[in-house]
Amino acid sequence: MRHLLSLPQLASRAFSTTARQMRNKVPERQKVFLEDNGLPVHIKGGTTDVLLYRLTMTITLAGTALSFYWLLRASMPRGKAH
């Protein structure tokens with residue numbers, strides 16, 4: 001029972017120590033995104049952003065092509081079965 005009563009104190013101590021160790025990285029990241037290097041903002045983050053962008057575009061194009069295929073297939077009349 002004593003462990004349950006000390007739980008709020010342990011939780012607040014854990015959060016207060018991690019907050020002191022963390023550093024604000026926002027200004028550094030803003031510099032990366034605000035520099036004029038000719039890249040669109042959605043790929044300025046580096047290799048991970050480029051890979052995620054390409055994966056998203058591939059899935060989008062594949063889904064669009066598949067939708068057109070099924071739309072075309074559904075619009076064609078079926079052959080008569082004897």
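Any read-out appearing in this document is the output of simple, stated calculations on the displayed coordinates, not a laboratory observation. Just so we're clear, the structure is a prediction, and the values are computed from it rather than from any experiment. Glycine also receives a Cβ, built like all others from the backbone with ideal geometry; neighbour counts cover every protein chain displayed.
Along the chain, the longest continuous region that contains none of the trypsin sites (Lys or Arg not before Pro) in a DSSP loop with at most 16 other C-beta atoms within 10 Å is 45-77. Between W70 and N24, the simple label model (points 7 Å from Cα in the Cβ direction) yields a spacing of 5.0 nm. Remark: spin-label model distance D49-K31 equals 1.6 nm, labels positioned 7 Å along the Cα→Cβ axis. The convex hull around the C-alpha trace of the chain, projected and averaged over every direction, spans 14.9 square nanometres.
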